[in-house]
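The values are calculated or read from the model by the stated rules, or taken from the named source; none is laboratory data. Quantities reported herein were computed from a predicted structural model and do not represent experimental measurements. We place every Cβ from the backbone using ideal geometry, glycine too, and count neighbours over all the protein chains shown. What goes into the accessible areas is simple: the full protein's heavy atoms, side chains included, and nothing from ligands, DNA or RNA. Shrake-Rupley method; radii C 1.70, N 1.55, O 1.52, S 1.80 Å.
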Amino acid sequence: MSDVALPGSIEPAVRKGPNLDHGINPLQGIIYLGVVAAALLFVAYSIYSDIDATGTRVTSFVPYILLFVALLIALGFEFVNGFHDTANAVATVIYTRSLPANIAVVWSGMFNLFGVLMSSGAVAFGIVSLLPVELILQVGSGAGFAMVFALLIAAIIWNVGTWWFGLPASSSHTLIGSIMGVGIANALLRGRDGTSGVDWSQAGNVGKALLLSPLFGFALAAVLLFALKIVLQRATPALFAEPKGDQPPPTWIRGILILTCTLVSFFHGSNDGQKGMGLIMLILIGTVPTAYALNRALPESQIVQFTENSTAASKVIEAKAAGHNVAGNPRPAVTKYVAERQITDETLPALAALVLDINKQVTQYGSLAKFPADVVGNTRNDMYLVSETIRFLMKDSKNGLNADEAATLNKYKGSLDAATKFIPTWVKIVVAIALGLGTMIGWKRIVVTVGEKIGKTHLTYAQGACAEITAAATIAAADIYGLPVSTTHVLSSGIAGTMAASGSGLQWSTIRNIALAWVLTLPAAMILSGCLYLIFSRLF
């Protein structure tokens, strides 16, 4: 590769890197397009099968056209996420000559796919919980579609823009900024204070994860490299050497580097792939609630457990609501609490009434699969509303609950979430394909920045391994705790940490621009999505 910078890149490469220019084989292009076509057909068939299983009669194709467009945009976000974020995972194996570039991106794409398929879904619904509750409850309305389109298109625009300039920016950061922008715009449209449009406690948890993970990546990678130098430098000096031309590293070092790249790719898929899943589920619930509003595959044993948990929870809430009553429909009072987070005399009596109503419906039909088409959407909204109410009550210091009462309500919340927060296997498969295919396209710009423009010297084997180990461990921990983190920031900060620890020096122009992208991502995504939401809310 020459020393001439790519369009929009930060500065010319310090020295010659590996060969990144591989021509596209026509057969590979045909196979690639074939996979895309097969994935789209699989989506259509899966939706048709799920709807057919419910016995729903199709009276209009307009919702399904909107559904198809929304799904394309959601999968487009995951595709862009693939070539934007996953380039970080392959940069180290490419620049240490452990794998040729064309093989590395395919290898990474495969393990991104496996990571998505084996993900838990906790991150998916953590992202969704940032959205305004009133929009989630009306996701099938014009406002709901405006929300989904605005936040996804805003995220895609910013991701593609930062990719064009070769800047490692965070897709997680971008999506969360887009969600916050929609929430604030929605609150302002409804005549409320803009700060009421976002769950700031949840946003704070996500923000801490995004803020601390790069700092943690820098420090851990630096400490890890320093420890390796003390223990292994004399015994295995080859580990701390730079690649010689295009020669691969010693076999055992190569194995470590490929393994760490594999782990980063896998955990990137398991964490980042879930963000698209949660939004796809919102789209499906809004357009075809009969098939996707409730988990129709929930076994009868869990229905029995649901009834028991519901009875126990209603007793706790009724005891706290003693002396107060709610007349008429309890939903407005509960919705008001979720929107404003202020307990009134009506909150707990309304919640108790809603819990009893849900339990009555579940007991009446005996199975979620037997719910009539005309009530399934409303029941799902009731369940989601009660689940969110309990979540906020647990955070409220004035809730007056003891440890046993809190445990009872959390157990009931778990039953509600099992009925409403689920991801069909076919959704995981198509998100995995989108993320995997995205990994194999457009990776070069970010790879060059990560591989050549962070440190002043060439990446050594030890530096690459330490950065990858740090990234894999950080993303895996975040996945366990259901928190979104930035693969981009963790890995690039890890490389910077190893450069600092080895005394190699940093290219501060690159660090400055990456930091600038990090700072601007949140406000830029918020402004983009807020403006798009205002436009789409008028159109829909």
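The C-alpha atoms of the chain define a longest principal axis, and helix 26-54 lies at about 10 degrees to it. Distant-in-sequence amide contacts of Gly455, defined by a placed amide H-H separation under 5 Å and a gap of 5 or more residues or a different chain, comprise Gln507. Across segment 310-413, the convex hull enclosing all Cα atoms gives 98 Å³ per residue. Report the charge-dipole magnitude of the chain in Debye, nearest 20, computed about the Cα centre from +1 at each Lys and Arg Cβ and -1 at each Asp and Glu Cβ. So the magnitude is around 740 debye.
Take Thr54: with every protein chain present and a 1.4 Å probe, its accessible area is about 40 Å².
Between segment 250-307 and segment 361-405, the alpha-carbon centres lie 23 Å apart. Across segment 108-117, rounded Karplus estimates of 3J(HN,Hα) from the backbone phi angles (6.51 cos²θ - 1.76 cosθ + 1.60, θ = phi - 60°) give 5, x, 4, 7, 4, 4, 5, x, 5, 4 Hz, Gly and Pro being marked x.
With charges only on Cβ, +1 for K and R and -1 for D and E, what is the dipole size of segment 410-500 about its Cα centre, in debye, rounded to 20? The dipole of segment 410-500 has a size of about 180 debye. Here segment 55-138 exposes an accessible surface that is 77 percent carbon and sulfur, computed with a 1.4 Å probe and the other protein chains kept in place. Residue pairs exceeding 29 angstrom between C-alpha atoms, taken from Lys275/Lys413; Lys370/Lys411; Lys320/Lys360; Lys370/Lys413; Lys275/Lys444; Lys275/Lys315: Lys275/Lys315.
Computed on segment 284-439, with alpha-carbon pairs under 8 angstrom and 6+ residues apart, the relative contact order is 34 percent. Annotation: per residue accessible area for segment 214-316 equals 44 Å², rounded to a whole number [probe 1.4 Å, protein chains only].
With the whole protein complex present, Trp252 retains an accessible surface near 120 Å², based on a 1.4 Å probe. Each listed q (0.13, 0.15, 0.22 Å⁻¹) maps to a log10 I(q)/I(0) for segment 57-193 from the Debye sum over equal C-alpha point scatterers, namely -0.70, -0.87, -1.39.
Diffusion coefficient (Stokes-Einstein, Kirkwood radius over C-alpha pairs, 10 °C, 1.306 mPa s) for segment 86-138: 117 µm²/s, rounded to a whole number.
Here the 3J(HN,Hα) profile of segment 347-354, calculated from phi with Karplus coefficients 6.51, -1.76 and 1.60 at θ = phi - 60°, is 4, 5, x, 5, 5, 4, 5, 5 Hz, Gly and Pro shown as x. Shown for segment 279-397: the carbon plus sulfur share of the solvent-accessible area, taken with all protein chains present and a 1.4 angstrom probe, equals 51%.
Hydrodynamic estimate: the Kirkwood radius of the chain over Cα pairs, inserted into Stokes-Einstein at 20 °C and 1.002 mPa s, corresponds to D of 87 µm²/s. Run the accessible area of segment 433-540 with a 1.4 Å probe and give the carbon-and-sulfur part as a rounded percent. Of the solvent-accessible surface of segment 433-540, carbon and sulfur hold 74 percent.
Label zone of Leu189 (point 7 Å out along Cα→Cβ, amide N under 17 Å): in segment 260-285 this covers 283.
At an R0 of 56 angstrom, the distance between the Cβ atoms of Lys315 and Tyr64 translates into a FRET efficiency of 0.80. Across segment 222-234, coupling constants 3J(HN,Hα) worked out from phi with the 6.51/-1.76/1.60 Karplus curve, θ = phi - 60°, read 5, 5, 4, 5, 4, 5, 4, 5, 5, 7, 10, 4, 6 Hz, and Gly and Pro carry x.
Would you mind checking segment 500-539 for residues with the amide N under 19 Å from a putative spin-label position 7 Å along Cα→C-beta of Ala219? Answer for segment 500-539: 500-502.
When the surface is traced with a 1.4 Å probe over the full set of protein chains, Asp374 keeps roughly 120 Å² accessible. For the chain, find the longest principal axis of its Cα atoms and tell me its angle to the long axis of helix 508-539, 0 to 90°, nearest 10. With rounding to tens, the tilt is 30 degrees. With labels modelled as points extended 7 Å from the Cα through the Cβ direction, what inter-label distance (nm, one decimal) is found for Ala38 paired with Leu534? It is 4.6 nm.
Length gained on full extension, Ala418 to Met118, computed as 0.36 nm times the residue gap minus the Cα-Cα distance: 106.2 nm. Percent relative contact order of the chain, based on C-alpha pairs within less than 8 angstrom and at least six residues apart? Across the chain, relative contact order equals 34 percent. The angle separating the long axis of helix 487-502 from the principal Cα axis of greatest extent in the chain is about 40 degrees.
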